[in-house]
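> Take this structure, written in structure tokens, and hold onto it; I'll ask about it next.
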Amino acid sequence: MKYILASASPRRAELLTEMGLDFTIMPADTEETITAEKPGEIVTCLAKEKALKVNESLVLADNYCIIGADTIVYYEGEVLGKPEDKDDATSMLLMLQNRTHQVYTGIALCYKKNGQEKLLTFFEKTDVTFYPVDRFDIKAYIESGDPLDKAGSYGIQSGFGKHVRSIKGEYTNVVGLPIGRLYNELLKAKLL
Ligand SMILES: Cc1cn([C@H]2C[C@H](O)[C@@H](COP(=O)(O)OP(=O)(O)OP(=O)(O)O)O2)c(=O)[nH]c1=O
């Protein structure tokens with residue numbers, strides 16, 4: 001089986017390597033327009049779009065599995081993607097500090113095995129609670145530039161982890177790829 005990661009995220013590539021998979025990277029160029037309402041549906045739809053986009057351009061005939069993923073932060077009905085600018089990042093972090101929010105990552109596996117093409121989607125949710133974080137700490141973190149390419153404007157693995165009071169669910173789900181769930185779904189679908 002040939003595995004293809006339909007993502008430009010270096011974190012996802014690292015996590016997939018950690019999972020022990022040999023794979024090729026083919027980032028998907030999609031608009032990421034939200035059409036669904038529920039957070040789980042939003043991330044699975046966006047992950048599906050990414051996997052299908054790469055599938056369109058693929059020349060492989062059989063025995064391949066494309067992995068698409070999408071991550072959002074969700075707080076009280078509001079979907080937080082990547083920030084537009086520093087001000088946007090500031091308001092997101094001020095809103096998230098001292099509270100509990102959810103991180104959703106959707107995965108889409110678009111695969112072809114024994115001549116049969118299939119699509120499998122699922123998502124994972126992780127609750128993250130932050131300690132109170134003051135404006136100065138938030139400003140300093142934003143000035144580091146780290147939040148700009150991350151959903152919810154923070155990296156739990158890269159600078160904002162020190163503000164985490166508790167987490168319920170898979171840690172790697174917050175970083176962008178829930179490798180425990182992914183590994184077990186691949187096993188179940190006999191794709192390993
Ligand atoms: C909350 C959180 C998000 N993130 C990242 C994971 C994702 O890379 C990013 C959310 O954006 P995504 O649109 O899910 O992914 P991406 O644009 O980085 O990559 P691609 O679309 O090509 O697959 O935020 C962290 O790295 N750490 C965190 O703690």
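Throughout, read-outs are computed from the coordinates displayed, never taken from laboratory work. This one's a predicted model, so the numbers in the text were calculated from it and none came from an experiment. Cβ atoms come from the backbone with ideal geometry, glycine included; neighbour counts cover every protein chain shown.
> For the stretch 66-75, indicate whether the set of residues that are surrounded by fewer than 24 Cβ atoms within 10 Å (Cβ to Cβ) and more than 14 Å from the ligand (Cβ to nearest atom) is non-empty.
no
> Determine if the stretch 24-41 includes at least one residue that is within 18 Å of Leu120 (Cα to Cα), without any contact (Cβ under 8 Å) to a residue 24 or more places away in the chain and among the acidic types (Asp, Glu). Talk me through it step by step, then tell me what you get.
First, pick out the residues of the stretch 24-41 that are within 18 Å of Leu120 (Cα to Cα): 28, 36, 39-41.
So of that shortlist, the ones also without any contact (Cβ under 8 Å) to a residue 24 or more places away in the chain come out as 36, 41.
Of the ones still in play, those that are also among the acidic types (Asp, Glu) are 41.
Yes, the stretch 24-41 contains at least one residue that is within 18 Å of Leu120 (Cα to Cα), without any contact (Cβ under 8 Å) to a residue 24 or more places away in the chain and among the acidic types (Asp, Glu).
> Could you please find all residues in the stretch 86-109 being within 16 Å of Gly155 (Cα to Cα) and acidic (Asp, Glu)?
Kept after step one, since they are within 16 Å of Gly155 (Cα to Cα), are these residues of the stretch 86-109: 86, 88-97, 100-105.
If the condition is that a residue be within 16 Å of Gly155 (Cα to Cα) and acidic (Asp, Glu), then Asp88 is the only one that fits.
> A follow-up question, please. Condition (residue is aliphatic (A, V, I, L, M), surrounded by 13 or more Cβ atoms within 10 Å (Cβ to Cβ), touching a Leu at 6+ places or on another chain (Cβ under 6 Å) and not in a loop (DSSP other than H, G, I, E, B)) applied to the stretch 84-105: is it met by at least one residue?
Filtering the stretch 84-105 down to residues aliphatic (A, V, I, L, M) leaves 89, 92-96, 103.
Narrowing further to those that are surrounded by 13 or more Cβ atoms within 10 Å (Cβ to Cβ): 89, 92-96, 103.
The next check asks that each one be touching a Leu at 6+ places or on another chain (Cβ under 6 Å); those that pass are 92.
Okay, now just the ones that are also not in a loop (DSSP other than H, G, I, E, B), so 92.
Scanning the stretch 84-105, I find at least one residue that is aliphatic (A, V, I, L, M), surrounded by 13 or more Cβ atoms within 10 Å (Cβ to Cβ), touching a Leu at 6+ places or on another chain (Cβ under 6 Å) and not in a loop (DSSP other than H, G, I, E, B), so the answer is yes.
> I would also like to ask the following. Restricting attention to the stretch 27-55, which residues are within 10 Å of the ligand (Cβ to nearest atom) and either touching a Leu at 6+ places or on another chain (Cβ under 6 Å) or assigned to a loop (DSSP other than H, G, I, E, B) (or both)?
Selection gives Pro27, Ala28, Asp29, Thr30, Glu32.
> What residue, among those in the stretch 1-15 that are surrounded by fewer than 18 Cβ atoms within 10 Å (Cβ to Cβ) and under 11 Å from Ile25 (Cβ atoms), is farthest from the ligand (Cβ to nearest atom)?
Top of the filtered list is Ala13.
> Now, a different point. Name the residues in the stretch 113-168 that are hydroxyl-bearing (Ser, Thr, Tyr) and either within 13 Å of the ligand (Cβ to nearest atom) or assigned to a strand (DSSP E or B) (or both), would you? If you could, list the steps in order and put the result at the bottom.
To start, the set of residues in the stretch 113-168 that are hydroxyl-bearing (Ser, Thr, Tyr) comprises 121, 126, 129, 131, 141, 144, 153-154, 158, 166.
If the condition is that a residue be hydroxyl-bearing (Ser, Thr, Tyr) and either within 13 Å of the ligand (Cβ to nearest atom) or assigned to a strand (DSSP E or B) (or both), then Thr121, Thr126, Thr129, Tyr141, Ser153, Tyr154, Ser158, Ser166 are the ones that fit.
> Would you point out the residue of the stretch 135-192, among those that are surrounded by 13 or more Cβ atoms within 10 Å (Cβ to Cβ) and of a type in the set (Asp, Glu), that is farthest from Asn98 (Cα to Cα)?
Among residues in the stretch 135-192 that are surrounded by 13 or more Cβ atoms within 10 Å (Cβ to Cβ) and of a type in the set (Asp, Glu), the one farthest from Asn98 (Cα to Cα) is Glu185.
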